[in-house]
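Contents: one structure, followed by commentary.
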């Protein structure tokens, strides 16, 4: 059964549980919440079905449903389980992330510029070396060329290698200010957090050589989540990628909904036609990456999904989070994810 069939099952579960469970709010609020879920379902279609499953169906089912529909095995951090080959997906973009195993494997993206490399996220400490450094070696890239590290949000599975890059190669690390502060005051991050280089600013342009990536503060997944617009080329043809910095709404459903709508307006005005995520299942990288091994010169790039799909992705995020604000009982089950 494929991911989209699973998503359809998740939809049915969400509706069924939603109609049966009690709510502390009135029926009007509940009806409005379910209307947001229906709006998200319509926006999702085929291309964004996995995001709908993750942020709407999973919201309703809560802790009963495991990530990726597969319970996390005790051995999931064995490198052999997350190892996968790096892939060049655009002229100037490489995937150096993990293989999707149980639904929470992180992504990492290397943007090549005329003056070095911008790395987006550094994953866990134990996957940083085999996947990013090992991936660079296979791609013929030099990790010493990493000049800037952009961290989408301050969770261990996205910033585990940042300190090593900073200390070994002198890379500048940029994280949203509230996430710097949160990690600096959390003893769980004491051993791995990088020294504070720079806090991301909303609308900030990070330029390296011929490439400028624009950052936007989009709190919701964490208080300091950063989303971004990334200029790309495919066989010389320009494209623009939108990367939504954090997919769960654990920090604040209200902020997540507001920021998803705001970022949708930003990507609409910018004309983004490529969608990237911080986890390979959420932009269908687990399906798209293998296609590059058989891609012919005239074949379309699987990541060029079109402007409407990118906008719909953020509509799904916005509507599902809006539902969460109206369905607090169900949202509490989601908070532990």
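A compact table of results
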| item | result |
| --- | --- |
| Segments classed as helices (runs of 4 or more DSSP H), wholly inside region 25-140, with at least 2 members that are at pLDDT below 90 and outside the structural domain of residue 173 (by TED's automatic domain parsing) | 27-44, 58-61 |
| Qualifying residue in region 163-180 (condition: more than 20 Å from residue 119 (Cα to Cα) and modelled with pLDDT of 95 or more) | yes |
| Elements of type helices (runs of 4 or more DSSP H) contained in region 249-337, each with 1 or more residues being farther than 19 Å from residue 44 by Cα and assigned by TED's automatic domain parsing to the domain that holds residue 152 | 253-270 |
| Verdict on residue 203 being in contact (Cβ under 8 Å) with a residue 12 or more places away in the chain, within 19 Å of residue 249 (Cα to Cα) and out of contact with any helix residue (DSSP H, G or I) (no Cβ under 6 Å at 6 or more places or on another chain) | no |
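The values are calculated or read from the model by the stated rules, or taken from the named source; none is laboratory data. Being a predicted model, the structure only gives us computed values, none of them experimental. Positions of Cβ are backbone-derived with ideal geometry, glycine not excepted, and every protein chain shown enters the neighbour counts.
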